[in-house]
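I have placed the structure first, in the form of structure tokens, so that the comments after it can refer back to it.
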């Protein structure tokens, strides 16, 4: 139970479900309620798939590709920075093109950037690799899996009912929320890039 609690708390802090609500609403502001609900499930499903992939052979995959964790962190930061810039400086043309996009294309944003690297980012991936490395025996392995599943379930519930926040803030408030989310996302991205550069310098 101690390992379960440790993994659950750590993953909840990393995933930060409440903090992701403004970002989720900003990225999905042009989706209908049904599409946004689908996006929430798809985002968490993508995160679970990515985390599971790295849980099974994360270190092996990174070593095979000769990719370090700081490099993965830097790449995730750059991707989030691009999304943040789109939220901050979105224009009418991009919105018009988004309006005519197919439902499949419009909900694919749930996979990138919401599913990864926002939910299943470098922090969650590294934590998963570390916890599975510490797990000894089948019981502890299942404890780690259960804790990660619980943390993702909390994220799913939070994103699924984020529409309540949208109803409270109304369209004008959501636009403002998008700008604030863009700034927060940019800060997260810059921090990820900075941590990546720091790790490279220390390793040199």
Query - Subset of the stretch 26-66 [free of Cβ contacts under 8 Å to residues at least 60 places away in the same chain and either touching a strand residue (DSSP E or B) at 6+ places or on another chain (Cβ under 8 Å) or not in a helix (DSSP H, G or I) (or both)] - result: 32, 65, 66
Query raised in the report: Among the residues of the stretch 87-97 satisfying the criterion of being modelled with pLDDT under 75 and within 14 Å of residue 177 (Cα to Cα), which is surrounded by the fewest Cβ atoms within 10 Å (Cβ to Cβ)?
Result: 90
Query raised in the report: Any residue in the stretch 172-180 that is surrounded by fewer than 17 Cβ atoms within 10 Å (Cβ to Cβ) and either more than 18 Å from residue 19 (Cα to Cα) or modelled with pLDDT of 90 or more (or both)?
Result: yes
**Report entry** Residue count, the stretch 1-25 (criterion: at pLDDT 90 or above and either in a loop (DSSP other than H, G, I, E, B) or at positive phi (or both))
**Finding:** 0
Query - Some residue of the stretch 160-170 being in a loop (DSSP other than H, G, I, E, B) and loosely packed, with under 15 Cβ neighbours inside 10 Å - result: yes
Query raised in the report: Across the stretch 134-152, what is the total count of residues that are without any contact (Cβ under 8 Å) to a residue 24 or more places away in the chain, in a helix (DSSP H, G or I) and exposed (fewer than 14 other Cβ atoms within 10 Å of the Cβ)?
Result: 4
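The values are calculated or read from the model by the stated rules, or taken from the named source; none is laboratory data. If you're wondering where the values come from, they're calculated on a predicted model, not measured in any experiment. Note that we place each Cβ from the backbone using ideal geometry, even for glycine, and neighbour counts take in every protein chain shown.
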